[in-house]
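Written below as structure tokens is the structure these notes are about.
Coordinate-derived values only; no laboratory data. These figures come from a predicted structure and were not determined experimentally. Glycine gets a Cβ as well: all are built from the backbone with ideal geometry, and neighbour counts include every protein chain shown.
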Amino acid sequence: AVAVGNAIARANLFASRDPQTRIYDNRQWFTPFVGGSYQFLNGAERLLDARMMFFYYATGITPAMTESRPGTGSAYAITVRDAQGKYLDGSRTYKVTLPGPIPA
């Protein structure tokens, strides 16, 4: 059961079909934080796939992590694929080009 759960969680994060994860339509960047609620709730609905995705990616979450105001919150953008859609390979090096403007 552990192996199956681990495989489901990996697939949910690294190959999500949820369109809400997409940051750009024409790029490989996505967010593992879907729904905008640190409690992973949408009204009375518990967003189980979103919760599993984020906690497989990160170790915890707080209300401050969901703030969208610059200087007080966080934005989560990751990629696991190259520009051609192939999974990243640890034996290779990659160049990352981020479209601006990016607040830093």
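Within the stretch 77-104, residues that are without any contact (Cβ under 8 Å) to a residue 24 or more places away in the chain have Cβ atoms under 8 Å from residues that are surrounded by 10 or more Cβ atoms within 10 Å (Cβ to Cβ) and acidic (Asp, Glu) in these pairs: 88/82; 94/82, counting only partners at least 6 apart in sequence or on another chain. Across the stretch 16-47, the qualifying residues are those that are aliphatic (A, V, I, L, M) and either more than 27 Å from residue 86 (Cα to Cα) or touching a helix residue (DSSP H, G or I) at 6+ places or on another chain (Cβ under 6 Å) (or both), and the one among them that is surrounded by the most Cβ atoms within 10 Å (Cβ to Cβ) is 34.
Number of residues in the stretch 54-66 that are assigned to a helix (DSSP H, G or I) and either in contact with a Phe, Trp or Tyr (Cβ under 7 Å, 6 or more places away or on another chain) or surrounded by fewer than 13 Cβ atoms within 10 Å (Cβ to Cβ) (or both): the value is 5. Filtering the stretch 72-86 to residues that are in contact with a Phe, Trp or Tyr (Cβ under 8 Å, 6 or more places away or on another chain) and either exposed (fewer than 10 other Cβ atoms within 10 Å of the Cβ) or part of a loop (DSSP other than H, G, I, E, B) (or both) leaves 76, 77, 79, 80, 82. Every residue in the stretch 41-76 that is without any contact (Cβ under 8 Å) to a residue 12 or more places away in the chain and acidic (Asp, Glu), please. If the condition is that a residue be without any contact (Cβ under 8 Å) to a residue 12 or more places away in the chain and acidic (Asp, Glu), then 45, 67 are the ones that fit. Of all residues in the stretch 1-19, those that are assigned to a helix (DSSP H, G or I) and either free of Cβ contacts under 8 Å to residues at least 24 places away in the same chain or in contact with a His (Cβ under 8 Å, 6 or more places away or on another chain) (or both) total 8. When 69, 51, 27 are checked against the criterion of being in a loop (DSSP other than H, G, I, E, B), over 30 Å from residue 95 (Cβ atoms) and charged (D, E, K, R), 69 stands alone in meeting it. For the stretch 30-48, residues that are part of a loop (DSSP other than H, G, I, E, B) and of a type in the set (A, V, I, L, M, F, W, C) total 5.
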